[in-house]
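The values are calculated or read from the model by the stated rules, or taken from the named source; none is laboratory data. Because the structure is predicted, anything quoted here is derived from the model rather than measured. When we count neighbours, we look across all protein chains shown, and the Cβ atoms used for this are built from the backbone with ideal geometry, even at glycine. When the accessible area is computed, the model is the full protein with side chains, heavy atoms only, and any ligands, DNA or RNA have been set aside. Shrake-Rupley method; radii C 1.70, N 1.55, O 1.52, S 1.80 Å.
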Amino acid sequence: MSELGLQGRIRLAARRSENSNDSAWLTNADRPLTGYERIFGTLGTPRSLRTRGGIEDVAAMAAKGRLTVADLQSQQFANRAPAGDLAAADAARACASVLPDDQEACRVIGAWDRTVNTDSRGALLFDRFWRKFTSGVPLPEQWKVPFSAADPVRTPHTLNTASPGFAKALTGAVAELRAAGIPLDAPLGAHQFVVRGDRRIPLSGGTEALGIWNKTEPVWNAAGGGYTEVAHGTSHVQAVGWDGSRCPVARTLLTYSQSSNPRSAHFSDQTELYAQERWVTSRFCEKDILRSPQLRVVRVRG
């Protein structure tokens, strides 16, 4: 679930709150929470890349200040990949020694724009490499600079390309895509999708392991030629504020759409909006309701 329900124009600099299904410890990274029961999560331990990336993004919004609902909408679909920012350049440099006779993979990773938009080329290759690397290499061996509880958002960092698991993950990802007949620079949306009726709808976003705010979790099926449909991820999204008016400004999305009935008009409507990075306008005040192009007035007589 992605939730951007922040009151408009709030000064996040005074309250940089963010939580990505993680411990309560760094909900406010400026004032870490302590003294609570262990059931609510650990203290002083490494955070997920999604938590770290979320804290960085919220801090950037706080520095900007005077946010509008449009700012929150933009954040939902920024699709920045924190793992790419941390590791892609090092991976591309080390790639030459791992794949001396196959430089295409090195070029693709190096040219990747570090986002998981549907047209991002290199995102799929890095995604498959990163999943293999992080699942096969213990966290302390993934990075040269270890985790520090005194700097939990910026550590650990600097990819440990000397780890034997690095070469194994990179060569495995390249072989995996080639075996599936997928070009190494294939756009992400060509292989990350949902099917509604006879339509295949490309989706942006990415796995929590990459640190993506806009979470998208497809399932890899090597025998089936790559990713099957997205299984789960971002569900209900809301960007809510006042933007200087007395009426709430609200934009929402229910990414799975409102009906599971294929014959319903609402079977795929909001899924398609989500794929296009468009939103539903929720209306609260009378003047906004009267302006709705979908408004129908039915007068009932006794």
Per-residue HN-Hα couplings for region 218-223 [Karplus 6.51, -1.76, 1.60; θ = phi - 60°; Hz; x = Gly/Pro]: x, 10, 7, 10, 4, 5
Accessible surface ranking that places the most exposed of 93, 251, 200, 178 first, with a 1.4 angstrom probe: 93, 200, 178, 251
Helix-only CD estimate at 222 nm, as mean residue ellipticity for the chain, using -39500 (n - 2.57) per DSSP H run (n ≥ 4): -9500 deg cm²/dmol
³J(HN,Hα), Karplus 6.51/-1.76/1.60, whole Hz, each residue of region 225-241, x for Gly, Pro: x, x, 6, 8, 4, 4, 8, 6, x, 3, 10, 9, 10, 9, 10, 10, x
With eigenvalues of the C-alpha gyration tensor scaled by 5 and rooted, region 186-233, Å: 17, 13, 10
Within straight-line cross-link reach of residue 64, aspartates and glutamates at Cα separation under 19 Å, skipping those fewer than 8 residues along the same chain: 18, 30, 56, 243
Reach of residue 132 by Cα under 24 Å, taken over lysines that are not fewer than 8 positions away in the same chain: 144, 168, 215
Only Lys, Arg (+1) and Asp, Glu (-1) charged, at Cβ; region 125-202 dipole about Cα centre in debye: 180 debye
Built amide H within the under 5 Å cut-off of residue 227, gap 5+: 221
Rg/Rh (Cα only; Kirkwood hydrodynamic radius) as it applies to region 17-111: 1.12
Pairwise Cα inverse-distance average, inverted: Kirkwood Rh of region 84-155 (Å): 13.4 Å
Intensity falloff of the chain expressed as log10 I(q)/I(0), Debye formula with alpha-carbon point scatterers, at q = 0.12, 0.15 Å⁻¹: -0.88, -1.24
Peptides 231-239, 115-123 ordered by average Cβ neighbours within 10 Å, highest first: 115-123, 231-239
Cα pair distances of region 139-215 binned at 10 Å [whole percent]: 15, 29, 34, 16, 5, 0
For residue 232, distant residues with modelled amide H under 5 Å away: 217
Length released on extending from residue 17 to residue 111, taking residue separation times 0.36 nm less the Cα-Cα span: 30.5 nm
Cα-based Rg / Dmax (Å) for region 47-185: 16.2, 52
Beta bridges per DSSP with both ends in the chain, % antiparallel, nearest 5: 90 percent
Principal axes of region 167-302: Cα extent on each, largest first, Å: 71, 38, 19
Solvent-accessible area, 1.4 Å probe, carbon plus sulfur percent, for the chain: 52 percent
Surrounding net charge for residue 113, when Lys and Arg each add one and Asp and Glu each subtract one, Cβ distance under 15 Å: 0
Nearest-20 debye value, the chain charge dipole, Cβ charges on Lys, Arg, Asp, Glu: 1120 debye
